[in-house]
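One structure is given below, encoded as structure tokens.
What follows is calculated from the coordinates using simple rules that are stated; it is not laboratory data. Every value quoted in this text rests on a predicted model; they were computed, and no experiment measured them. A quick note on method: Cβ atoms are made from the backbone with ideal geometry, for glycine too, and the neighbour counts reach across all protein chains shown.
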Amino acid sequence: MKSSKMPAWHAACMTVINTSPAIHLQAVLPGGLGLLTRLVGDVIMPHEVMQELAAGIARDDTLRHAQSTPGLIIRQTTVLLAAWLKTELYLGEAAVIQTAVDEGIGTVILDDLKARRIARRLGLAVTGTLGVLLLAKASGHLPSVSDAIQKLQQRGMWLDEKVIAAALQTAGESP
């Protein structure tokens, strides 16, 4: 079932993405990160996120894909992080939030619950891997959210059963 209503965060013309959603979306979206930029517009990847991807390059080729994806902007300099943000979150998550706040970008893609709460507290619109999958399904680019979730779980992503049920209901795929 196609939803004609796009989520509020979709209205953003620029989004900042964290490491794990980049890896997951590259793996399960048809067209990977290229589809992400077609769905949401320009996507900024802070330098810290790029460094995290580079650290895992032996296990995953998301960085290589990111470097060649039109509309994905990889920042070459580190973000000056607020001291409190550095103590609360991992470096990539903190850089995503700080970049959005500093540059007036209203939307971030984060999967970590604590990071999502902090981003919302700072007035940012937040989505994650599942939110992007729902957008891809609603726009006709993803045939099955359920299949994508199964693939994510096979890759080691933990998802709460209630979150999965809500996503499948939104996608029109509940049993």
Worksheet entry | Given [x] 18.4; [y] 19.4; [z] 16.2, the label whose value is Kirkwood radius over Cα pairs in Å derived from this model | [z]
Worksheet item: Just from its helices, what would the mean residue ellipticity at 222 nm be for the chain, if runs of 4 or more DSSP H residues each count -39500 (n - 2.57) and the sum is divided by every residue, rounded to the nearest 500 deg cm²/dmol?
Response: -15000 deg cm²/dmol
Worksheet entry | Gain in span if fully extended, Asp42 to Ala83, counting 0.36 nm per residue against the direct Cα distance | 12.0 nm
Worksheet entry | Contour minus Cα-Cα distance for Glu103 and Gln67 (0.36 nm per residue) | 10.8 nm
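Given the peptides 47-53, 89-95, 62-68, arrange them by the average over their residues of other C-beta atoms within 10 Å, most packed first. Present the calculation step by step, with values, prior to reporting the outcome.
Working: 47-53: 21.4, 89-95: 23.1, 62-68: 17.3.
The packing order, highest mean first, is 89-95, 47-53, 62-68.
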Worksheet entry | Amide H partners (placed H, <5 Å) of Val43, local residues excluded | Thr15, Leu72, Ile73
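Longer than 23 Å from Cα to Cα, which of Lys86/Lys137; Lys86/Lys162; Lys137/Lys162 are they? Say none if no pair is. Display every interim value, and only then the final one.
Details: Lys86/Lys137 35 Å; Lys86/Lys162 30 Å; Lys137/Lys162 19 Å.
Flagged as over cut-off: Lys86/Lys137; Lys86/Lys162.
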